[in-house]
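Take a look at the structure set out below.
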Amino acid sequence: MSSKKFFLKLSFLIIPFAILSLILHDGRSSGGVGGGGYDLSGLVYGLLLFTAIIIWLLWMLISYIISKTKIDKKMHMRLIIIGLIALVAAWFITPRMF
């Protein structure tokens with residue numbers, strides 16, 4: 001796998017992670033998703049962030065399994081490790097969710 005493919009696959013994780021993280025911490029105190037006097041935006045965007053990361057991790061795991069060369073397997077393993085780090089980071093940046 002070339003470095004272009006590596007960064008392309010990585011961008012499918014980084015872009016949603018960055019956008020959803022910025023939405024989670026936009027600093028607004030007014031109501032968002034859910035209406036009324038409560039705000040469900042932390043829950044909704046947090047779950048969306050976890051869903052995006054888990055789907056991306058499943059994609060990388062399947063890519064790892066079907067890879068034929070050692071170089072491809074090594075690159076996919078790196079991507080899986082990066083995805084797991086992103087999953088842990090998502091846990092720490094979504095405190096309002098729980």
Would you give the gap between the C-alpha center of the stretch 41-69 and the C-alpha center of the stretch 4-25, rounded to a whole Å? 11 Å
The stretch 53-98: spread of alpha-carbon positions along the three principal axes, whole Å, largest first, is 43, 15, 7
For 23, 15, what ranking results if the residue with the fewest other Cβ atoms within 10 Å of its Cβ goes first? 15, 23
The summed charge of the residue 67 Cβ neighbourhood (under 11 Å; Lys/Arg +1, Asp/Glu -1) stands at +3
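Just so you know, all these numbers are worked out from the coordinates, no wet-lab data involved. Source: prediction; values computed, not measured. Quick reminder, even Gly has a Cβ in these numbers, built from the backbone with ideal geometry, and neighbours come from all protein chains shown.
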